[in-house]
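Working notes, beginning with the structure itself.
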Amino acid sequence: IAARPRSRLLSFLGCYSARDAYEARALIVESMACLEGTQDVWARSVAYQRLGHVEWLEGNWHAARAGKRTALRLRRDAGHRPGIAWLLEEIAWVEVSLGEHGLAAELLGAAEALRQALSTTVRNRRGHQDAVEQARIRLGENRYRRAVDRGASLTVEQAIALALGESDLAAAAAT
(Lines give C-alpha, C1' and ligand atoms only; values in the text may rest on other atoms or scores of the structure.)
Protein backbone atom coordinates (compact mmCIF):
# COMPACT_ATOMS: atom_id res chain seq x y z
CA ILE A 1 0.00 0.00 0.00
CA ALA A 2 2.83 2.41 0.75
CA ALA A 3 4.78 1.78 -2.49
CA ARG A 4 2.84 4.33 -4.53
CA PRO A 5 2.94 7.11 -1.92
CA ARG A 6 6.65 6.44 -1.41
CA SER A 7 7.37 6.68 -5.13
CA ARG A 8 5.33 9.90 -5.38
CA LEU A 9 7.15 11.27 -2.37
CA LEU A 10 10.55 10.53 -3.83
CA SER A 11 9.60 11.99 -7.22
CA PHE A 12 9.37 15.42 -5.63
CA LEU A 13 13.16 15.58 -5.88
CA GLY A 14 13.01 15.79 -9.65
CA CYS A 15 10.36 18.49 -9.49
CA TYR A 16 12.27 20.56 -7.03
CA SER A 17 15.54 20.22 -8.91
CA ALA A 18 13.62 21.58 -11.89
CA ARG A 19 12.67 24.49 -9.57
CA ASP A 20 9.00 23.59 -9.50
CA ALA A 21 8.26 24.05 -5.81
CA TYR A 22 4.52 23.99 -6.43
CA GLU A 23 4.66 20.53 -8.04
CA ALA A 24 7.12 19.25 -5.42
CA ARG A 25 4.82 20.43 -2.63
CA ALA A 26 1.79 18.88 -4.37
CA LEU A 27 3.53 15.49 -4.69
CA ILE A 28 4.52 15.53 -1.04
CA VAL A 29 1.04 16.53 0.13
CA GLU A 30 -0.49 13.79 -2.04
CA SER A 31 1.91 11.26 -0.52
CA MET A 32 1.07 12.49 2.97
CA ALA A 33 -2.64 12.05 2.36
CA CYS A 34 -2.08 8.47 1.19
CA LEU A 35 0.18 7.71 4.15
CA GLU A 36 -2.06 9.11 6.89
CA GLY A 37 -3.43 6.32 9.00
CA THR A 38 -0.82 3.83 7.79
CA GLN A 39 1.81 2.21 9.95
CA ASP A 40 4.58 3.45 7.63
CA VAL A 41 6.11 5.86 10.13
CA TRP A 42 9.34 6.15 8.16
CA ALA A 43 7.61 7.28 4.96
CA ARG A 44 5.37 9.68 6.89
CA SER A 45 8.39 11.21 8.62
CA VAL A 46 10.21 11.57 5.29
CA ALA A 47 7.16 13.29 3.82
CA TYR A 48 7.07 15.86 6.62
CA GLN A 49 10.84 16.29 6.46
CA ARG A 50 10.74 16.89 2.70
CA LEU A 51 7.80 19.24 2.97
CA GLY A 52 9.73 21.18 5.59
CA HIS A 53 12.71 21.27 3.26
CA VAL A 54 10.69 22.68 0.37
CA GLU A 55 9.19 25.29 2.71
CA TRP A 56 12.66 26.19 3.99
CA LEU A 57 14.07 26.57 0.47
CA GLU A 58 11.09 28.77 -0.40
CA GLY A 59 11.63 31.00 2.65
CA ASN A 60 8.56 29.83 4.55
CA TRP A 61 10.46 29.46 7.82
CA HIS A 62 7.59 28.77 10.21
CA ALA A 63 6.04 26.18 7.90
CA ALA A 64 9.50 24.60 7.52
CA ARG A 65 9.88 24.42 11.29
CA ALA A 66 6.44 22.82 11.67
CA GLY A 67 7.14 20.16 9.04
CA LYS A 68 10.54 19.27 10.41
CA ARG A 69 9.24 19.15 13.98
CA THR A 70 6.49 16.76 12.95
CA ALA A 71 9.08 14.58 11.20
CA LEU A 72 11.22 14.64 14.36
CA ARG A 73 8.30 13.52 16.51
CA LEU A 74 7.71 10.59 14.17
CA ARG A 75 11.40 9.64 14.13
CA ARG A 76 11.49 9.89 17.92
CA ASP A 77 8.48 7.61 18.22
CA ALA A 78 10.12 5.13 15.83
CA GLY A 79 13.44 5.33 17.70
CA HIS A 80 15.30 6.11 14.47
CA ARG A 81 18.44 7.77 15.82
CA PRO A 82 20.17 8.54 12.49
CA GLY A 83 17.00 10.31 11.36
CA ILE A 84 16.85 12.17 14.67
CA ALA A 85 20.42 13.43 14.17
CA TRP A 86 19.61 14.58 10.65
CA LEU A 87 16.47 16.40 11.80
CA LEU A 88 18.25 18.10 14.69
CA GLU A 89 20.66 19.41 12.08
CA GLU A 90 17.92 20.53 9.68
CA ILE A 91 15.92 22.21 12.43
CA ALA A 92 19.11 24.11 13.33
CA TRP A 93 19.22 25.41 9.75
CA VAL A 94 15.63 26.62 10.06
CA GLU A 95 16.40 28.27 13.39
CA VAL A 96 19.30 30.15 11.77
CA SER A 97 16.87 31.36 9.11
CA LEU A 98 14.51 32.52 11.86
CA GLY A 99 17.32 34.38 13.63
CA GLU A 100 17.46 31.96 16.57
CA HIS A 101 21.23 31.58 16.42
CA GLY A 102 21.77 30.42 20.02
CA LEU A 103 19.19 27.68 19.63
CA ALA A 104 20.65 26.73 16.26
CA ALA A 105 24.14 26.41 17.74
CA GLU A 106 22.85 24.19 20.55
CA LEU A 107 21.05 21.98 18.04
CA LEU A 108 24.18 21.79 15.89
CA GLY A 109 26.11 20.63 18.96
CA ALA A 110 23.45 18.05 19.83
CA ALA A 111 23.34 16.77 16.24
CA GLU A 112 27.12 16.45 16.13
CA ALA A 113 27.24 14.56 19.43
CA LEU A 114 24.56 12.14 18.23
CA ARG A 115 26.33 11.66 14.89
CA GLN A 116 29.56 10.87 16.74
CA ALA A 117 27.77 8.34 18.95
CA LEU A 118 26.33 6.71 15.82
CA SER A 119 29.60 6.94 13.84
CA THR A 120 27.88 8.89 11.06
CA THR A 121 28.72 12.14 9.31
CA VAL A 122 26.95 15.28 8.15
CA ARG A 123 24.75 14.47 5.15
CA ASN A 124 24.76 17.97 3.67
CA ARG A 125 28.12 19.59 4.28
CA ARG A 126 27.15 22.86 2.58
CA GLY A 127 23.96 23.33 4.61
CA HIS A 128 25.89 22.50 7.77
CA GLN A 129 28.71 24.92 7.01
CA ASP A 130 26.29 27.72 6.14
CA ALA A 131 24.42 27.28 9.43
CA VAL A 132 27.65 27.11 11.44
CA GLU A 133 29.03 30.20 9.75
CA GLN A 134 25.88 32.25 10.21
CA ALA A 135 25.45 31.26 13.87
CA ARG A 136 29.14 31.87 14.60
CA ILE A 137 29.04 35.34 13.02
CA ARG A 138 25.87 36.38 14.86
CA LEU A 139 26.90 34.98 18.26
CA GLY A 140 30.64 35.54 18.16
CA GLU A 141 33.10 32.70 18.60
CA ASN A 142 32.88 32.40 22.40
CA ARG A 143 29.08 32.42 22.63
CA TYR A 144 28.84 30.08 19.66
CA ARG A 145 31.28 27.58 21.18
CA ARG A 146 29.47 27.65 24.55
CA ALA A 147 26.11 27.03 22.84
CA VAL A 148 27.52 24.14 20.79
CA ASP A 149 29.04 22.64 23.94
CA ARG A 150 25.71 22.96 25.79
CA GLY A 151 23.97 21.18 22.94
CA ALA A 152 26.58 18.44 22.85
CA SER A 153 26.06 17.77 26.55
CA LEU A 154 22.31 17.13 26.16
CA THR A 155 20.79 13.68 26.17
CA VAL A 156 19.02 12.71 22.96
CA GLU A 157 15.68 13.20 24.70
CA GLN A 158 16.69 16.68 25.89
CA ALA A 159 17.91 17.61 22.40
CA ILE A 160 14.61 16.49 20.89
CA ALA A 161 12.66 18.51 23.46
CA LEU A 162 14.85 21.52 22.68
CA ALA A 163 14.27 21.15 18.93
CA LEU A 164 10.53 20.78 19.46
CA GLY A 165 10.37 23.83 21.73
CA GLU A 166 9.00 21.61 24.50
CA SER A 167 11.40 22.40 27.28
CA ASP A 168 12.82 25.14 29.46
CA LEU A 169 16.03 24.58 27.51
CA ALA A 170 14.40 26.18 24.47
CA ALA A 171 13.65 29.35 26.42
CA ALA A 172 17.20 29.47 27.74
CA ALA A 173 18.67 28.99 24.25
CA ALA A 174 16.67 31.93 22.95
CA THR A 175 18.43 34.32 25.33
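The table below gives the values:
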item: Peptides 103-115, 80-92, 130-142 ordered by average Cβ neighbours within 10 Å, highest first; result: 103-115, 80-92, 130-142
item: Acute angle (nearest 10 degrees) that the helix 61-78 long axis makes with the longest principal axis of the chain, alpha-carbon atoms; result: 80 degrees
item: Accessible area of the chain belonging to carbon and sulfur atoms, whole % at 1.4 Å probe; result: 51 percent
item: T155/A26 FRET efficiency (R0 30 Å; Cβ-Cβ; nearest 0.05); result: 0.20
item: Inter-label distance, nm, simple model (7 Å from Cα along the C-beta direction), Q116/A66; result: 3.6 nm
item: Along principal axes, Cα extents of segment 18-81, largest first, whole Å; result: 32, 22, 17
item: Per residue Cα convex hull volume in Å³ - calculated over the chain; result: 108 Å³
item: Rough spin-label spacing in nm, given labels placed 7 Å along Cα→Cβ, for E58 and I137; result: 2.6 nm
item: P(r) histogram, all alpha-carbon pairs of segment 36-123 included - 10 Å bins from 0, percent; result: 20, 49, 28, 3
item: Solvent exposure of the chain as accessible area per residue, Å², 1.4 Å probe; result: 49 Å²
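The values are calculated or read from the model by the stated rules, or taken from the named source; none is laboratory data. Nothing here was measured: the structure is a model prediction, and the numbers come from that model. No Cβ is skipped: glycine too gets one built from the backbone with ideal geometry, and neighbour counts run over all protein chains shown. The accessibility values were calculated without ligands, DNA or RNA, using every heavy atom of the protein model including side chains. Shrake-Rupley method; radii C 1.70, N 1.55, O 1.52, S 1.80 Å.
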